[in-house]
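Worksheet: one structure, shown below.
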Amino acid sequence: MPFSVFRRVCLSFLAVFALTVSPLKAQDRAPVVAAASDLQFAIAEIASAFTVQTGMQVRLSLGSTGNFARQIREGAPFEIFMAADEKFIADLHADGFTRDEGDLYAVGRVVIMAPHGASLVPDAELNNLAEMLAAGRISRFAIANPEHAPYGMRAREVLQSRDLWDDLQPFLVLGENVSQAAQFALSGNAEGGIIAYSLALAPEVGPRGTYELVPEDWHEPLRQRMALLDGAGEVAEAFYAYLMEPEARAIMERYGFALPGG
């Protein structure tokens, strides 16, 4: 049996063990899951379904992958890290902060989005953005901070691919993470922004504007990986296993994530 399959079987067993052998202990200790903010709506649904099915709970902390990686190195008490870029998991594993190399759980996409009533008309090739920028009609354009947020890094790559990065610099509004970038993009004080496809598909976000998927070959792939951190308990192990189950994967797919092996 391949090691990855063996490990998944073991984690599934641990999920059942945590529920049947020590349910009170598992419920009393709700582990903290550090999740990239593009997961804001998907992970909330998954955590809710997990609680309904098992009676166990997890606490969600949403933010930028880079900031979480730094906090983990500083001793933050997370038990699962769901990164928006697998490179952060690889670095943490190399330095001994994770149990193993983790699992790829999704591949993300980015969109250009504008609020209703904005002068910017989103198109996949960013032609209208280029035209408005050349005409001096852009005042603010939102992306996540590329210094520590993977979706900001990919937004920068998209703009560089279209030769817009340098000219757009004075007008960029940087969100601490991609969720905040979406808030800025749709606030009415910006022409739009580049945000996560998963957020644009959320009922709380999508109806507020229009969007178009950006070609995925305009940026490095958003290969999103998760890992159990050292000290993770049995509830975290159970939730980690649940994240690989069909019910959780179906929720991820509904929010626009490509699934590994799919």
* Measuring from label point to label point, each 7 Å out along Cα→Cβ, what is the GLN53 to ARG29 span in nm? -> 2.2 nm
* Hey, fewest Cβ within 10 Å first, where do SER198, SER179, SER139 land in order? -> SER139, SER179, SER198
* Asked: Between ALA76, ALA144, ALA232, which gets the highest mean-square fluctuation from a Gaussian network model of the chain, Cα cutoff 10 Å?
  -> ALA76
* Asked: Taking the Cα centre of each part, how many Å lie between segment 160-204 and segment 32-87?
  -> 22 Å
* Asked: What nm value, rounded to one decimal, do you get for the distance between GLU245 and GLU220 when each label is placed 7 Å out toward the C-beta?
  -> 3.4 nm
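Taking other Cβ within 10 Å of each residue's Cβ, how do TYR240, TYR255 sort, fewest first? Present the calculation step by step, with values, prior to reporting the outcome.
Values: TYR240 27, TYR255 23.
Least to most surrounded, the residues fall as TYR255, TYR240.
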* Asked: At q = 0.09 Å⁻¹, what log₁₀ I(q)/I(0) does a Debye calculation on the Cα points of the chain give, no solvent, two decimals?
  -> -0.42
* Asked: Using 0.36 nm per residue, how much length does the chain from GLU74 to ASP167 gain when fully extended, once their Cα-Cα distance is taken away?
  -> 29.8 nm
* Asked: In the Gaussian network model of the chain, springs joining C-alpha atoms below 10 Å, which of VAL178, VAL205, VAL52 carries the largest mean-square fluctuation?
  -> VAL52
* Structure fact -> Out of GLN224, ALA30, ILE195 - ranked by how far each Cα lies towards the positive end of the dipole of the chain, with unit charges on the beta-carbon of charged residues - the top one is ALA30
* **Order of TYR151, TYR211 - criterion: other Cβ atoms within 10 Å of each residue's Cβ, fewest first** => TYR211, TYR151
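Report, in order of residue number, the helices in the chain meeting two criteria: a C-alpha extent of 24 Å or more along the helix axis, and a mean Kyte-Doolittle hydropathy of at least 1.6; treat each whole DSSP H run as one helix.
Details: long enough: 3-20 (25 Å, 1.67).
Result, helices passing both filters: 3-20.
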* Structure fact -> Whole-Hz Karplus couplings 3J(HN,Hα) for segment 205-213, θ = phi - 60° and coefficients 6.51, -1.76, 1.60, Gly and Pro as x, run 10, x, x, 7, x, 10, 8, 9, 5
* To do: Counting only DSSP beta bridges with both residues in segment 110-213, tell me the antiparallel percent, nearest 5.
  => 60 percent
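In percent, what relative contact order does the chain have, based on Cα pairs under 8 Å that are 6 or more apart in sequence? Write down the numbers at each step before the final one.
Values: 534 pairs, mean separation 79.1, N = 262.
Taking the mean separation of contacting Cα pairs over the length of the chain, I get 30 percent.
Here, each number is a calculation from the coordinates, and none is a lab measurement. These numbers were taken from a predicted model, which means no experiment stands behind them. We place every Cβ from the backbone using ideal geometry, glycine too, and count neighbours over all the protein chains shown.
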